Amino acid sequence: MGKSQFGCTARVDSVTNVVKLQKKVKGKWVNVTKSKARTVRKPKAGVKKYRNQTRNYRCRKGTFRTASMGHGVYRGVPSKSRHWTYSKSVKNPCK
């Protein structure tokens, strides 16, 4: 299961986050499960951290990482800054 923690530094209308669990297959990262988009309306700026997680994924051998992307809406305008961030990779996380 992949997890992410997100928040915002300024007061905004909402923040949305999506997280994916990825497995390295033949040298490329492949999505194996993902979350639903989680939107928090009127989040508290700077203090509160919100969490999101992927659907369950049965434990398997391999190398995995978590990919997370989020964006905010301010005064009805969605942010244009949307990019994926990645965790460090972990080999055989179930051991």
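The values are calculated or read from the model by the stated rules, or taken from the named source; none is laboratory data. In this text, all values refer to a predicted model and were calculated from it rather than measured experimentally. Neighbour counts are summed over all protein chains in view; Cβ atoms, including those assigned to glycine, are modelled from backbone coordinates with ideal geometry. Keep in mind that these areas ignore ligands, DNA and RNA; they rest on the heavy atoms of the full protein, side chains included. Shrake-Rupley method; radii C 1.70, N 1.55, O 1.52, S 1.80 Å.
Numerical summary
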| item | result |
| --- | --- |
| Potential lengthening between Lys80 and Lys42 on full extension [0.36 nm per residue; Cα-Cα distance subtracted] | 11.8 nm |
| Loop sites in the range 1-73: chymotrypsin sites (Phe, Trp or Tyr not before Pro), DSSP, at most 14 other Cβ within 10 Å | Tyr57 |
| About the Cα centre, charge dipole magnitude for the chain (Lys/Arg +1, Asp/Glu -1 at Cβ), debye | 400 debye |
| Separation of the Met1 and Val90 label points, Cα + 7 Å toward Cβ, nm | 1.2 nm |
| Lys24-Lys61 pseudo-label distance in nm [points 7 Å out on the Cα-to-Cβ vector] | 1.6 nm |
| For the range 1-79, projected area of the alpha-carbon convex hull averaged over all directions, nm² | 5.8 nm² |
| No Cys partner within the rule (Cβ under 4.7 Å), the chain | Cys8 |
| Cα-based reach from Lys24 at 20 Å (exclusive), listing lysines while leaving out same-chain residues under 8 positions away | Lys3, Lys34, Lys61, Lys88, Lys91, Lys95 |
| Accessible area (Å², per residue) of the chain, counting only protein heavy atoms and a probe of 1.4 Å | 74 Å² |
| GNM flexibility winner over the chain from Gly70, Gly46, Gly27 (Cα, springs under 10 Å) | Gly27 |
| Per residue convex hull volume, Cα atoms of the range 38-95, in Å³ | 120 Å³ |
| Span from the the range 3-17 Cα centroid across to the the range 26-49 one, whole angstrom | 9 Å |
| Fraction of accessible area attributable to carbon and sulfur, the chain (%, probe 1.4 Å) | 50 percent |
